[in-house]
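Some notes on the structure that comes next.
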Amino acid sequence: MCLALLTGVLALPVGERRVAADTFVAVVALGVAAVLTVVGRRSRASRRGWTLVAGGLLLGVAVGVLADVVGGPDSPVDPARTASSVPAHLVAAVGVLSLLGWSRLRTGGARLLTESALFCTAAFVLAQVLVVGPLVRGGDLSVASRVALEVSCAAATLLLGAGLTLLTATWGARRATGAITLAGLTGVTVADALAAVGSTGPFGLTDLATRGVYLAGLVLLALAAVTDPGGTTTDTQRERQRLTAGLTLAGHLLPHLVMTVAAVLLLGSALLVGTPTPAALVAVALGLLLTAVHRGVSARDEVRVGERLARSEAWFRSLVRSSSDPVLVLGPDLVVTWAAPALDGPATEAGRSLVGVPVTESVHPQDADAVRAWLADPAADAGPPSGLRGFRLRAADGTWRVLEAGVTDLRQDLYVRALVLHCRDVTVRSDTEDELRSLAFTDPVTGLPNRAAHLRALGDELADAGESPAVSLLLFEVEGLVEARENVGRDVVDVSLIEVGRRLRATVRGDDQVARVGPELFAVLAHGVDGEPDLVAARCLSVVEQPIITELGLVDLTAAVGLVPLVAGLGASTAIDRAELSVLAARAAGPGSVRRYDPALGASRDRRERLREDLVGARARGELALAWQPIVSLSDQRVMGVEALLRWRHPGFGELEPEEFIPIAERAGLIGDLQRWVLIEATTAAAALPVYGDPLRLGINVSAVHVASGTLVGDVSNALKASGLEPERLVIEITESTVLADGPHVEVDFAALRLMGVHVALDDFGSGYSSLAHLTRLPVDIIKLDRTFLARIDKDPHTRALCESVIGIGGALGIDVVAEGVETPSQLAVLRSMGCGFAQGFLLSRPLSLPRFVALVDSTAGQLWPGLVGRV
Ligand code: C2E
Ligand code: CA
Ligand code: CA
């Protein structure tokens, strides 16, 4: 289109060409000015600048038209016409500098100023050589014209200088704007210069070219304004760095380049054409001076920058050296380009320097993949590596040091281009953590995993468990430790526990876990299907039951074992609950029993819980009662005493045996109340019993828990007082567990009871850990032979021998022996033949209600045992 226009212009008559072309140029200039004003408004920072540049253009057009009108179009060196461009150029120069803003100009400092000045000077020399020189030589110029020419030349070079300043002092996207602006300004000023040189003849090609260059300059200015992002763009650190480096180069080179070209042209023109203009010579001299100044300013800057760099490097190095925290710098492919002495020193001593090798080859092989993934190239990953990572690095002695590292990604930094790892040596902390972890999960006595570790392992097994169980939980409650402590000593308990742990460990499979989960509890996670865990339990039980030989003596232990197959969906707490229920069942079944979990066990627990709740008001509701079982003298065949046995008539479950509810009462803390009621009730009833011959003795059972509570003596004397029963008629029956119970008051209490005249009987003798030694520790008046002991008396010679000896010792010590649980006449016969004094059992009488017992005593007048006369 431009070409068509130009051809159109050339087709016009000569006189009209200039007017047409100038009109066209003026219209375009107005358009560009409008564009600059409108587009410049986009940003606050550039509004003033572009408006001023537009103003300069308008001024140029207006003044040009005015000059044409006043001076006539054909006199280009007319002073008025020549000087007409000066205000326009000056306004535009101010506009261009405004685009930068004063603060930016100030920060540019002396160097920017010298560079711009040098550029201006060089441009000025060029103008002198190319424009002013030929004009001066070409014709007689009036002084006014000459001055106007020089001033116009200076204004044009100032405008170009402003353009260069814009280019060198900006960065980012704005630098392109600067470059386009400079090109546009160059077009405009060159067009002016061409106009000054060539417009002497009729409007020809030169004039057309001049207008063309001017138009190109205008278009470039419009383009610059359109592309200008404004001064408010936030430049990234990266862009700023990159462009500062580039701009320094532009600022450094361009003025010198133009100056050199100008100087060469000046020299050439001086040689070929004639003497240069004085202004050109002055300008060259000034240019040389400015070159020197620029060099000096640059040198000063370089020294400053160098010093700053040296300072920061020294600071960095001293920081890194003095810091005990090691730093690694990783170049491309994660190759270590620098390693702090704290890291590299040990690695070098270990025979392998870190520097020059990818860090992934220096870390522990197990950590290499994780480190590689962590430090992956951000292009391949979502973002730059972040967070903390731990990895191991070889120490001087060949061991592994544990490091924890954070990373700073400086790969995009022009000057660094590396990843910097800030490491911390956490070897000690990691060791301590490991130690703590192992301490937290280890039983201090046996060295086995403890309850916490067991729970974790159990959780893991349950998570993996399927429908058919492949792993079972075995819970061992070791029995006999209390006796071992009593008989052999406290130290032996720990030795025994260690030995039990060792034996269990040696008995189970390698992948079965043995843990100590309580003072007397061991747990085994045994792998195996169907009946295999039962076999493991039996094997384990047999090794526990083998005597443990210690320096202090033999220890005999046994265990109650609960077995729970681990099936899918079972929670850890439910599994443990079931194991405890099974252990309870095993314990109830007797020492050395194994019980597999059965849902019925859960039902029995529910029953126990119900009983515990109901026991609270049982006495007040009148649900308690006593059963009376006669004790018979075998020598004179008459009832000489009676044992009061507690009964609970439960509204839901019917009559309950004491063996079921007494342990519940003991655990629920209700036994004291219960016992006091028995004492009062029994003594009161006994005091009212009919007396035939010697008054009947009354046996009352007391539990170890009640004795341990320390209220026994008070409760007994209260009962005696309340009932009026003679103390000599009362027999307090205690078991061996009471004798074994700790506490200084046990012996004192029994001594007090005996002083009161109350008799003490040792109950259930022959069951469990009977020892005649107890008889010396706690003097008793009566021994009651346990019924399990008696069951085999008529069949087993050993039992019979044992029984005989107990009776013998009793006789020697003046202790009465009562045989309990006599169920058959043959048992009775054997007992009689041994000289046993007393008997109690279903053969003689079952426990009776009080009225029936009174009726029994009354009917025989208490003298002879009915039905047995003649049989014993
Ligand atoms: P124990 O002191 O050994 O009481 C004797 C137990 O043997 C009674 O069971 C009695 O019914 C039973 N018995 C008597 N003769 C025979 C026999 O020939 N064959 C068999 N198989 N058993 C016989 P009971 O009444 O169930 O009492 C159980 C245990 O409950 C008692 O054992 C005693 O330890 C405890 N107990 C009973 N009453 C009280 C009490 O008031 N306080 C405390 N603390 N415990 C009590
Ligand atoms: Ca008893
Ligand atoms: Ca008994």
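The values are calculated or read from the model by the stated rules, or taken from the named source; none is laboratory data. Being a predicted model, the structure only gives us computed values, none of them experimental. Neighbour counts run over all protein chains shown; Cβ positions are idealised from the backbone, glycine included. Heads up: the accessible areas ignore ligands, DNA and RNA and are worked out on the full protein's heavy atoms, side chains in. Shrake-Rupley method; radii C 1.70, N 1.55, O 1.52, S 1.80 Å.
Just a few scattered comments:
- First in region 723-745 and closer than 15 Å to VAL780 by Cα and polar (S, T, N, Q), second anywhere and at pLDDT 75 or above and open to solvent by 40 Å² or more (accessible area, probe 1.4 Å), Cβ under 7 Å, 6 or more apart: THR735/ASP764
- When restricted to residues that are surrounded by fewer than 20 Cβ atoms within 10 Å (Cβ to Cβ), away from ligand 1 (no atom under 13 Å from the Cβ) and at pLDDT below 85, region 733-767 contains 6.
- Picking from residues in region 670-715 that are within 9 Å of ligand 1 (Cβ to nearest atom) and among the polar types (S, T, N, Q), the one that is farthest from the chain's Cα centre (by Cα) is ASN701.
- When ARG578, ARG595 are checked against the criterion of being in a helix (DSSP H, G or I) and among the basic types (Lys, Arg), ARG578 stands alone in meeting it.
- Only one entry of ALA117, ALA123, ALA127, ALA144 meets the criterion of being part of a helix (DSSP H, G or I), over 22 Å from ALA285 (Cα atoms) and over 60 Å from the mean Cα position of the chain (by Cα), and that entry is ALA144.
- Unmet requirement for VAL363, which otherwise passes all of (1) closer than 15 Å to ARG401 by Cα; (2) open to solvent by 40 Å² or more (accessible area, probe 1.4 Å); (3) at pLDDT 85 or above: (2)
- Looking across region 824-847, the residues that are open to solvent by less than 50 Å² (accessible area, probe 1.4 Å) and within 16 Å of ligand 2 (Cβ to nearest atom) come down to PHE838, ALA839, GLN840, GLY841, LEU844, SER845, PRO847.
- Residue within region 738-757 that is within 16 Å of ligand 3 (Cβ to nearest atom) and out of contact with any strand residue (DSSP E or B) (no Cβ under 7 Å at 6 or more places or on another chain) present: yes
- Residues considered: VAL492, VAL536, VAL564, VAL524. Of these, the only one that is touching a helix residue (DSSP H, G or I) at 6+ places or on another chain (Cβ under 6 Å), open to solvent by less than 50 Å² (accessible area, probe 1.4 Å) and modelled with pLDDT of 90 or more is VAL564.
- One residue alone among ARG605, ARG587 is in contact (Cβ under 8 Å) with a residue 60 or more places away in the chain, among the charged types (D, E, K, R) and assigned to a helix (DSSP H, G or I), and that residue is ARG587.
- Output for region 395-417, where each listed residue is closer than 21 Å to ARG352 by Cβ and either buried (at least 20 other Cβ atoms within 10 Å of the Cβ) or at pLDDT 80 or above (or both): THR399, TRP400, ARG401, VAL402, LEU403, ALA405
- Inter-residue pairs, beta-carbon under 6 Å, first within 16 Å of ligand 2 (Cβ to nearest atom) and in region 633-651, second among the charged types (D, E, K, R) and not in a strand (DSSP E or B), 6+ apart: none
- ARG667 fulfils the conditions (1) among the charged types (D, E, K, R); (2) more than 12 Å from ligand 1 (Cβ to nearest atom); (3) surrounded by 17 or more Cβ atoms within 10 Å (Cβ to Cβ) except for a single criterion, (3).
- Inside region 633-650, residues that are of a type in the set (Asp, Glu) and away from ligand 1 (no atom under 12 Å from the Cβ) make up a count of 1.
- Residue check for ARG612: in a helix (DSSP H, G or I), touching a residue at least 24 places away in the same chain (Cβ under 8 Å) and over 23 Å from PHE476 (Cα atoms): yes
- Residues located in region 567-602, provided they are of a type in the set (S, T, N, Q) and either open to solvent by 70 Å² or more (accessible area, probe 1.4 Å) or in contact with a Lys or Arg (Cβ under 9 Å, 6 or more places away or on another chain) (or both): SER573, SER582, SER593
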